[in-house]
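These notes concern the structure reproduced below.
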Amino acid sequence: MKGLTKRLTAAILLAAVCLTATVYSRTRPVELRLGFMAGSYWDAPNGNCYAVIDAAIERFEREHPNVHVTYTSGILKRDYSEWLIDQYLLGSEPDVFLVLPEDFGELCELGALAPLDGYLAQDEAVSDTDFYPAALQSGAENGVQYALPYECVPTLMCVNKTLLESEGIAVPSGDWTWEDFYNICAKVTHDTDSDGEIDQFGCYGYTWQDALIANGTSLFTEGGSSCLISLPRAVQAVAFAQRLDKLTAETAPSARDFDEGRVAFRPFLFSDYRTYQPYPWRIKRYSDFSWDCIPMPHGPAGSNSSELSTVLAGISSRSAHTTLAWQFLRELTANADNQSMLFTDSHSVSALRSVTDSEKTRQILRQDTPGESRSGVEMLSDVMEQAVAAPRFRNYDQALLLTEGLVQTAMEDEHNLSLQLQRVQHEVQEYLQKN
């Protein structure tokens, strides 16, 4: 009996210890670490860059009393990439962190990002269809989703409405073509004061890369294994940019010409549109003309598409708190209240369809937009639907720089452009295979 009593007592004590350990493990404080940068990725003025993240943390901690969410403040954009890679190499990276566009390929190659497809498939509170396609694609590689979009900025075409009106030209509709674009540029490009030099221009800043996207093609394959610059659609796009450049071959316009109202069109990031439309920035920067933004013109084989720049958020593949990390990532990127704050506390755009394509968002943007300059506001969701995610493989920036120089040389040559671009593709292809 004594032996039985001892064994029973020991069993009870063991059960009590296990129960205590279980309860403690569920209630003991957990620190969830974040990686977040100060300021705007697009260098737009931002009064309180931590407003969105702080609001997300407050809601999350309220719903998870045993979790304490922390981040290091004051890390600037120019330092953030190096800081994050260093943290990963030291084995002390945050559980959840922002992923800048230029860092996505390297982080994937390092294996630093946890795949998210399983979470997306099992979590009924969020779906990949909640996001605009290009924004979601920005966080995917080889068919695997490694990050979700936190904030985005599309490119639109800025229109000098005052200049067009003085020339008797209507502002183009959202569904306008290269030919519409070229014809307007040709008409407004001339010498207004008869001094023998062109002083009014059709466009500043439109590139052959813009034309590629608008003609339904891209410069590289998604993974960066091949260059596509000699494909027929790409040759057609570069030829259009070359034709457009010839309008101002003798006197090229500058950014100052646009600022002073002497240029009809200029591609513009939506963050700049948000920055310079409201008073007083509009008065300080563009006081002499009325302007608005519309989608980019499309080529014969494409649509009114432009490149979408996306800041992502992901989970460390080595996080010890993967479930909590996913729940916070979902709060940050897929919570409508949190994402709506991007339109009041930043100059970026939400990747959530339900937020960006809402009447509440349109009202917020209209308050910032003077007079009738509202095309960019009304067309924003359509622009996001048609946007294209740029490839972001490792060494992308170096490959792009090489290609830009070679294509520019080809455009300046009066000989067969198609043949020139075949040579460009061959040289870039060699670089991609070696790197």
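Note down all Cβ pairs under 6 Å where the first residue falls in the range 219-244 and is of a type in the set (F, W, Y), the second is open to solvent by 10 Å² or more (accessible area, probe 1.4 Å) and not in a helix (DSSP H, G or I), and they're at least six residues apart or on different chains.
Between residues of the range 219-244 that are of a type in the set (F, W, Y) and residues that are open to solvent by 10 Å² or more (accessible area, probe 1.4 Å) and not in a helix (DSSP H, G or I), the close pairs are F220/P391.
For E331, are the conditions met, namely being closer than 30 Å to P115 by Cβ, open to solvent by 40 Å² or more (accessible area, probe 1.4 Å) and touching a residue at least 60 places away in the same chain (Cβ under 8 Å)?
No.
Taking the residues in the range 164-203 that are part of a helix (DSSP H, G or I) and open to solvent by less than 10 Å² (accessible area, probe 1.4 Å) as candidates, determine which candidate is farthest from S346 (Cα to Cα).
It comes out as V188.
Look through R353, R392, R423 and report the one residue that is open to solvent by 30 Å² or more (accessible area, probe 1.4 Å), within 24 Å of P101 (Cβ to Cβ), modelled with pLDDT of 95 or more and touching a Ser or Thr at 6+ places or on another chain (Cβ under 9 Å).
R353
Does V159 meet the test of being within 21 Å of S306 (Cα to Cα), surrounded by 22 or more Cβ atoms within 10 Å (Cβ to Cβ), among the aliphatic types (A, V, I, L, M) and in contact with an Asp or Glu (Cβ under 7 Å, 6 or more places away or on another chain)?
Spelling it out, V159 is indeed within 21 Å of S306 (Cα to Cα), surrounded by 22 or more Cβ atoms within 10 Å (Cβ to Cβ), among the aliphatic types (A, V, I, L, M) and in contact with an Asp or Glu (Cβ under 7 Å, 6 or more places away or on another chain).
Please count how many residues of the range 113-140 are in a strand (DSSP E or B) and crowded, with 22+ Cβ neighbours inside 10 Å.
The total comes to 2.
In this structure, is Y150 among the aromatic types (F, W, Y) and closer than 30 Å to Y88 by Cα?
The answer is yes for Y150.
Among the residues of the range 349-364 satisfying the criterion of being in a helix (DSSP H, G or I) and charged (D, E, K, R), which is nearest to T129 (Cα to Cα)?
By that ranking, first place goes to R353.
Name every residue in the range 44-95 that is under 24 Å from S350 (Cα atoms), at pLDDT 95 or above and in a loop (DSSP other than H, G, I, E, B), in order of residue number.
Result: I75, P94, D95.
Can you tell me which residue within the range 257-289, out of those that are open to solvent by 40 Å² or more (accessible area, probe 1.4 Å) and modelled with pLDDT of 90 or more, is farthest from M157 (Cα to Cα)?
Within the range 257-289, the match that is farthest from M157 (Cα to Cα) is R262.
If we keep just the residues of the range 77-90 that are open to solvent by 50 Å² or more (accessible area, probe 1.4 Å) and out of contact with any Gly (no Cβ under 6 Å at 6 or more places or on another chain), which is farthest from L324 (Cα to Cα)?
Looking at the filtered set, the residue picked out is R78.
Residues Y150, Y119, Y146: which one is of a type in the set (F, W, Y) and over 21 Å from I57 (Cα atoms)?
Only one candidate passes the filter, namely Y146.
Looking at S254, S218, S225, S230, can you tell me which residue is over 30 Å from S346 (Cα atoms), open to solvent by 10 Å² or more (accessible area, probe 1.4 Å), under 26 Å from the mean Cα position of the chain (by Cα) and not aliphatic (A, V, I, L, M)?
Criteria check complete, one pass: S225.
The values are calculated or read from the model by the stated rules, or taken from the named source; none is laboratory data. Bear in mind that the values here come from a model prediction, so they are computed numbers and not experimental data. Cβ: placed from backbone, ideal geometry, glycine included. Neighbour counts: every protein chain shown. Ligands, DNA and RNA are excluded from the accessible area calculation, which covers all protein heavy atoms including side chains. Shrake-Rupley method; radii C 1.70, N 1.55, O 1.52, S 1.80 Å.
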